[in-house]
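The values are calculated or read from the model by the stated rules, or taken from the named source; none is laboratory data. The structure displayed is predicted, hence computed values, not measured ones. Reconstructed Cβ throughout: ideal geometry from the backbone, glycine too, with neighbour counts over all protein chains shown. Protein only, heavy atoms only, side chains kept; ligands, DNA and RNA dropped before computing areas. Shrake-Rupley method; radii C 1.70, N 1.55, O 1.52, S 1.80 Å.
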Amino acid sequence: MGMGGMIKENMAKRAEQEIQSGMIVNLGIGIPSLVANYIQQDKHVFLHAENGLLGMGVRPKQGEEDPMICHAGGLPVTLRKGASFFDSATAFAMIRSGKIDMAILGGLEVSAQGDLANWLVPGKKVPGIGGAIELAQKAKRIIVLMSHTNKFGQPKIVKQCTYPLTAASCVQMIITERAVFTIKDKQLILKEIFAPYTLEEVTASTEASFLMDSSIYGGS
């Protein structure tokens, strides 16, 4: 069963809390793209897109879309003050040179060590790995927003990834509809649990073993 729109929006809001003023941030397609709608106005943040845009804003209102202004997924966006355009070669040069402070990406699987698989489901045709491998390897911090389980109910936070890797040991945080995990020194740590889920439910739907943050022990 797919996630409802409100659940996705709440995940995006939680991810926004990790963004600090002054950052250059790349948002992946899907749930990560929703983060743009929740960037606080007092945060001086520049959202980056691989198609050659720095300074994306919220999604435009219906009827106010400009077909010439879109993110790398092809969907229309607005611009924040100071936005700029350039070619995709320059956009990728920014990624490869380590100028991206944070990338918020989707995921098919994330391992307990922070390995990321998010570009290929074996047997399905895709045009290529695209910019995912560049971002996963070169962004200073990687946060993954994804459903906790796949459409078959199988865990997506796993001991070892079974899908082809995008990059190894690159993920620092995972946000799902059920919980927030951090990964430090290749160790998975449960940081938050979202209502109405319980610790038992999160544990049962997570293949990888994990430690618990002190805030979990303290209860709420």
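A few points about this structure:
- Sub-6 Å Cβ pairs linking a first residue in segment 180-209 that is under 19 Å from Leu145 (Cβ atoms) to a second residue that is open to solvent by 80 Å² or more (accessible area, probe 1.4 Å) and not small (Gly, Ala, Ser), at least 6 apart or interchain, are Ile189/Leu211; Glu207/Lys159; Ala208/Lys159, ordered by first then second residue.
- Breaking point among (1) surrounded by 17 or more Cβ atoms within 10 Å (Cβ to Cβ); (2) β-branched (Val, Ile, Thr); (3) in a loop (DSSP other than H, G, I, E, B), for Val25: (3)
- Selected residue (only one of Ile142, Ile175 is surrounded by 21 or more Cβ atoms within 10 Å (Cβ to Cβ) and either touching a residue at least 60 places away in the same chain (Cβ under 8 Å) or hydroxyl-bearing (Ser, Thr, Tyr) (or both)): Ile175
- Within segment 33-85, the set of residues being assigned to a loop (DSSP other than H, G, I, E, B), surrounded by 15 or more Cβ atoms within 10 Å (Cβ to Cβ) and either among the polar types (S, T, N, Q) or at positive phi (or both) comprises Asn51, Gly52, Thr78.
- Neighbours by Cβ (under 7 Å, 6+ apart or cross-chain): first from segment 37-59, farther than 27 Å from Ala89 by Cβ; second among the charged types (D, E, K, R) and open to solvent by less than 70 Å² (accessible area, probe 1.4 Å): Tyr38/Glu16
- Within segment 80-105, tally of residues that are at pLDDT below 95 and touching a strand residue (DSSP E or B) at 6+ places or on another chain (Cβ under 6 Å): 2
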